[in-house]
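J.: Could you have a look at this structure, given as structure tokens, before my questions?
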Amino acid sequence: MTVTDEELVARCIAGDTESFNQLILRWERPIYALAYRQLGREEDARDVVQDAFLRAFRALPGFKGEAKFSSWLYRITLNLCRDVMRRAKRAPFVQAPEGVDVGDLVSTETTAAESIEDVVTRKDLGRHVARAMSRLPEEQRAAILLKEYHGLTFQEIAELQGCPLSTVKTRLYQGLTVLRRELQRNGTSTARSESRTP
Amino acid sequence: MNDSRYCDNPDVLISYLYEDGPGEERLAFEAHLRQCARCAAEVASLRAVREDLAAWAPPETVLDFRIVRDPAPVKSRWGWTSAMPAWAQLAAASLVIGVAAGISGLEVRYGNDGLIVRTGWNQPVATRPADATPVAQAEGADAPWRADLAALQEQLRGEIRQSVPAAGAMPVSMAAAGGGRAMSDAEFLARVKQLVEASEARTEREMALRMAEVVRDMDAQRRADLRRVADGIGVLEGRTGAVTVQQREMMNYLMRVSQK
């Protein structure tokens, strides 16, 4: 039977450090993905992951369990990302290279079900998505990331961002609309032309 | 039915897009979409954007963070020093250095000869208190070392007298001063001083020459090493670059062939 996050948190508060390492193992990938998509730079994302877990470990005795452990961790991560961006005084950096290296694709990315062409197309689209996402305001980008890639509920996002539920939905709608426009401008989107002007 | 409650309502649209909200509300919105082409197109295009978002994946990376508790710190035998304030540590260090200098008979002097540092107990005392001088002289008048000093002085004078006729390179003034007659104390001291200065000058010249040789050898060795390292890096870059180019060309060729 899988031990829940809350049980691992309780064990860690009781002094079992190894329980926290299990939480790290469970959440380091999602946290890294969130940090990377917010910051766009692998090194910064790795630093944020490390800082986030360290802060969480130190603050764990004060964690009351009012929110889920993962939501709490996401909040710490987003705050750290905000600090990084403020320090650097910049928008998210798009790290993806201009060209697609076929050699790299063949060595790491292809599977039996996906041809090289598919991989090239997917990587290209991913690069355009990253660029379009970097143009969104921080709150809209965070709302889309938490909803699309981490599956948080509207209520969880609202609590995490400290705003009403309707604001979260508005941020999502506005963010998706901007993304649609950016992707269509690049000619990479599968989206049909928009029917209404935001 | 074209219900205006649903048109231009991002709240309802987003809830439907993410399959959120009560079932009745979703069914009602679906009925609206069948009637409203504009809202239907909006939902379809935003759904397509969501599909595009799936193409964006973060790069693979190694994450190996672990929380490790530090072992209990080992108590150092000098650990008590960290509890002392800085001024106390500084005062203690000054005291130790002062006592050590006193025990070793340290003498530091800066004059025309440059900086002189001497240690040990065998150095003659350069100055004495004024009131102690007569007593010291009186005590030293019949000291046994006076006889030794006088003998050494005579021996030096004799050697200098013998060396004067053979010293063709001696300056004229000195040759005249030492020519066949007994030297006065002042001449003797001047002569000794001149010999010491000549010896020091010779030593300095030799030292400078040696240093120049050492520096030149080191520089030559450094240049040779740098050239060897640069050659090695160039060969390595050439090899790896050629292999990489070959591999890329091969993959691009395969790519082109597969596209035909």
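The values are calculated or read from the model by the stated rules, or taken from the named source; none is laboratory data. Keep in mind that this is a model prediction, so the values were computed, not measured. Positions of Cβ are generated from backbone atoms using ideal geometry, with glycine treated the same way; all protein chains shown enter the neighbour counts. These accessible areas exclude ligands, DNA and RNA; they are computed on the full protein's heavy atoms, side chains included. Shrake-Rupley method; radii C 1.70, N 1.55, O 1.52, S 1.80 Å.
J.: Taking every residue in A:125-136, how many Cβ atoms of other protein chains lie within 10 Å of its Cβ, on average?
T.: Taking the mean over all residues of the peptide, I get 3.
J.: Given A:K123/A:K147; A:K68/A:K169; A:K89/A:K123, which pairs have Cα atoms separated by over 25 Å?
T.: Details: A:K123/A:K147 22 Å; A:K68/A:K169 21 Å; A:K89/A:K123 28 Å.
Correct reply: A:K89/A:K123.
J.: For A:H150, B:H32, what's the largest-to-smallest order of accessible area, 1.4 Å probe?
T.: Details: A:H150 35, B:H32 0 Å².
Order by accessible area, largest first: A:H150, B:H32.
J.: In square angstrom, rounded to the nearest 10, how much accessible surface does A:T170 have for a 1.4 Å probe?
T.: 50
J.: Just how much of A:R171 is accessible, in Å², when a 1.4 Å probe is used and the result is rounded to the nearest 10?
T.: In the full protein context, A:R171 sits at about 50 Å².
J.: Let me ask another. When you look at the Cβ of every residue in A:57-65, what mean number of other chain Cβ atoms sits within 10 Å?
T.: What the average comes to for A:57-65 is 0.
J.: Round to the nearest 10 and report in Å² the accessible area of A:F154, as given by a 1.4 Å probe over the protein chains' heavy atoms.
T.: Answer for A:F154: close to 10 Å² accessible.
J.: Compare each residue of the stretch B:40-61 in its chain alone against the assembly with all protein chains, and report those whose accessible area goes down by 50 Å² or more; 1.4 Å probe, heavy atoms.
T.: Hits at the 50 Å² cut-off: B:E42, B:S45, B:L46, B:V49, B:D52, B:L53, B:A55, B:W56, B:P58, B:P59, B:T61.
J.: Among A:R41, B:R223, what's the order by accessible area (1.4 angstrom probe), most exposed first?
T.: Largest accessible area first, the residues go B:R223, A:R41.
J.: Same structure again: Any idea what the alpha-carbon Rg over 2.2 N^0.38 Å comes to for the stretch A:1-93?
T.: In units of the 2.2 N^0.38 Å rule of thumb, it is 1.11.
J.: Average projected area of the Cα convex hull of the stretch B:10-53, in nm²? Please list the in-between numbers first.
T.: Details: hull surface 11.7 nm².
In nm², the orientation-averaged hull projection of the stretch B:10-53 is 2.9.
J.: Suppose each label sits 7 Å from its Cα in the direction of the beta carbon; what would the B:E60-A:R181 distance come out to in nanometres?
T.: 3.8
J.: With r as the distance between the Cβ atoms of B:E197 and A:K89 and R0 = 51 Å, compute the FRET efficiency 1/(1 + (r/R0)^6) and round to 0.05. If you can, show how the numbers build up before the last one.
T.: Values: r = 68 Å, r/R0 = 1.34.
The formula returns an efficiency of 0.15 here.
J.: Continuing with the same structure: Residue by residue, what Karplus-based ³J(HN,Hα) values in Hz, rounded to whole numbers, does the stretch B:232-241 have, using 6.51, -1.76 and 1.60 with θ = phi - 60° and x for Gly and Pro?
T.: Karplus values, whole Hz, x for Gly and Pro: x, 5, x, 4, 4, 4, x, 5, 5, x.
J.: Using a cut-off of 13 Å between beta-carbons, work out the net charge of the residues near B:G21 (Lys and Arg +1, Asp and Glu -1, B:G21 not included).
T.: Residues near B:G21 contribute -4 overall.
J.: Counting Lys and Arg as +1 and Asp and Glu as -1, what is the net charge of the other residues whose Cβ lies under 15 Å from the Cβ of A:A142?
T.: +3
J.: Arranged from highest to lowest average of other beta-carbon atoms within 10 Å per residue, in what order do the peptides A:156-166, A:126-136, B:91-101 appear?
T.: A:126-136, A:156-166, B:91-101
J.: Now a separate question. Protein chains only, probe 1.4 Å: how do B:V43, B:V192 rank by accessible area, largest first?
T.: Largest to smallest exposure gives the sequence B:V192, B:V43.
J.: Which whole-number percentage describes the relative contact order of the stretch A:116-186, with Cα contacts under 8 Å and a sequence gap of 6 or more?
T.: 37
J.: What average number of partner chain Cβ atoms lie no more than 10 Å from the Cβ of the residues making up B:246-257?
T.: Neighbouring Cβ atoms belonging to other protein chains average 3 per residue here.
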